[in-house]
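Working notes, beginning with the structure itself.
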Amino acid sequence: MAACADLLNPASAARSGAVAPAASMASERREKDRLESESFMSSESSKSAKLEYNGGASGAKLQWGGRFAAGPDAVMQAINASIGVDQRLWREDIAGSRAHAAMLAAQGIITQEDGAAIAEGLSAIAAQIAAGDFQFDPALEDIHTNIEAALVARIGEAGRRLHTARSRNDQVATDFRLWVRAAIDALDAGLVDLMRALAQRATEHASMIMPGFTHLQSAQPVTFGHHLLAYVEMLARDRGRLADARKRLNQSPLGAAALAGTSFPIDRQMTAAALGFDAPCGNSLDAVSDRDFAIEFLAALSLLAMHLSRFAEEIVIWTSAPFRFIRLSDAYSTGSSIMPQKRNPDAAELARAKTGRIFGALIGLLTIMKGLPLAYAKDMQDDKEATFAGFDAAELVIAAMAGMVRDMQPDGARLRAAAGADFATATDLADYLVRELGLPFRTAHHVTGRIVAAAEQAGVDLTELPLAAMQAIEPRLTEAVFAVLSVEASVASRRSYGGTAPALVRAAASQWLEALS
């Protein structure tokens, strides 16, 4: 059981401390997968493995056995092959095969000797792939058949027994669930890092005043720390959605076989436990044809991407010349090929752009699945490319956003000046009229509007409008009104739960940092 789990990345092993942190492991995996995918041409050894796998017959018959007398057309072979994409599942495929072989041996379906030979052979193949020495063969279609062919070439007849009581249908469904589960764990680690970065910067800037916007128009003063913590709340919901998706996917399709189960006396609970699943899937038809888990994963990623894109948009705005609220260092900026003065926030812009790729992956997979009758159909072969692309984009954007959060330097003076512009403390004046003079809020709103109009006509801010001008509209006002019209007084007064008062921001940031530690 532990040996199977150790081959997976980064789900159970990362949590036990057996491997590097999930996010870094995922990055290493992605780079290795990229390098592996650049070479599909078969070596002499892989050609030999293919011939051995097919009993010495022409490689054209592949894994379909004796039903077909002739091989596929080249175009058919090209459209049918998925090894360029699904070789990324090699760890999961080997882990699933080891669990399956151990169960077959425990149930007496294969001998203990054959079970041990299969386990040893799969471990050797895993080491070979990890070292970059394995040649993936497009003629063998997919990762499952490539590994099985290599196993037969390595250990002979015992390798042919591995596929007893299973199908590629339940095999790929199992592999894919394992991969998505590991992907969720990797993204969760990245989200924790990003949330921690935001909360740390919120602590630093709990008192820094900035304009709060509605309709992208100045609304009320808030603090920079409060603004950053809004994204922590969003990301917490994203983590929750991914955790919920993980719970629902954590059932094992292995043993459902092609669609109807198997006549062999298998132990599905044993393989489910060995692979870290909570239980076997309850219906064999659903087990092999369900891709809800991938769709739900991409749906959660789409919401996450939308949140990160909103933040990326703000970074683009904040770094622009009319705003200059923040500055990004050279590490997260680029220049222009023609305009030497330019500093472009390209990391934020590209983070914003990746949202389209993630949305597209979700819509693509929904479209693949929408018309499929039970059970498996080859359309589902295209489920992985979209899911892999969505994960890769999300993982990269999370890392880029965490980097920019730690890198950005807010301009406190510029933020403070912008916060006080455009009569941003008008609501504070209205509240003062209600609290001190007993006006109904709607009346106070109307009076404040007239005072704002007078200040606008005079070309001054509320704090600069003479008291006499205010008293011409509301005679009961005194000099005390000016105490509520500064932006500092405004943010300090917002002490309701979840408000922007600096003390609340510090407390909220501290709570998040403790929760994320």
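For segment 313-379, the normalised intensity computed at q = 0.22 Å⁻¹ comes to -0.94 (log10 of I(q)/I(0), Debye sum over alpha carbons, equal scatterers, no solvent).
Taken over the chain, the ratio of Cα radius of gyration to 2.2 N^0.38 Å equals 1.29. Working from Cα positions, state the angle (0 to 90°, nearest 10) between the long axis of helix 143-155 and the longest principal axis of the chain. In the chain, helix 143-155 runs at an angle near 40 degrees to the longest axis.
On a per residue basis, segment 130-278 carries 34 Å² of accessible surface, using protein heavy atoms and a 1.4 Å probe. For residue 255, neighbours were defined as the other residues whose beta-carbon sits under 12 Å from its Cβ, and their charges (Lys and Arg +1, Asp and Glu -1) total 0.
For segment 105-258, the convex hull drawn through the C-alpha positions has a volume of 193 cubic angstrom per residue.
For n ≥ 4 DSSP H runs only, could you compute -39500 (n - 2.57) per run for the chain, divide by its residues and tell me the 222 nm figure to the nearest 500? Only helices count here, giving -20000 deg cm²/dmol. In the chain, the longest principal axis of the Cα atoms and the axis of helix 168-204 are about 20 degrees apart. For segment 291-352, the direction-averaged projected area of the alpha-carbon convex hull comes to 5.4 nm². So what's the angle, to the nearest 10 degrees on a 0 to 90 scale, between helix 292-319 and the longest Cα principal axis of the chain? Roughly 40 degrees, rounded to the nearest 10.
Each Cα pair of segment 475-517 feeds into the Kirkwood radius, which the Stokes-Einstein equation turns, at 10 °C and 1.306 mPa s, into a diffusion coefficient of 131 µm²/s. With K and R counted +1 and D and E -1, the other residues having a Cβ less than 14 Å from that of residue 454 yield a net charge of -3. Rg then Dmax, both in Å and based on the Cα atoms of segment 176-275: 22.3, 70. Within 12 Å, Cβ to Cβ, of residue 361, how many net charges do the neighbouring residues add up to if Lys/Arg are +1 and Asp/Glu are -1? In short, -1. Lys-Lys pairs in the chain that are eight or more residues apart or on separate chains and whose Cα atoms lie under 26 Å of each other come to 18. Using the charge dipole of the chain (Lys, Arg: +1 at Cβ; Asp, Glu: -1 at Cβ; taken about the Cα centre), state which of 269, 199, 101 has its Cα farthest towards the positive end. The listed residue farthest towards the positive side: 199. Quick check: Cα centre of segment 262-303 to Cα centre of segment 415-470, how many Å? Rounded to whole Å, the Cα centres lie 61 Å apart.
A straight line joining the Cα centroids of segment 318-367 and segment 204-254 runs 19 Å. Applying D = kT/(6 pi eta Rh) to segment 423-517, where Rh is the Kirkwood radius over alpha-carbon pairs, T corresponds to 37 °C and eta to 0.692 mPa s, the Stokes-Einstein value obtained is 225 µm²/s.
The values are calculated or read from the model by the stated rules, or taken from the named source; none is laboratory data. Nothing here was measured: the structure is a model prediction, and the numbers come from that model. Please note: Cβ atoms are built from the backbone with ideal geometry, for glycine as well, and neighbour counts cover all protein chains shown. Just so you know, the surface numbers come from the protein's heavy atoms only, side chains and all, with ligands and any DNA or RNA stripped out. Shrake-Rupley method; radii C 1.70, N 1.55, O 1.52, S 1.80 Å.
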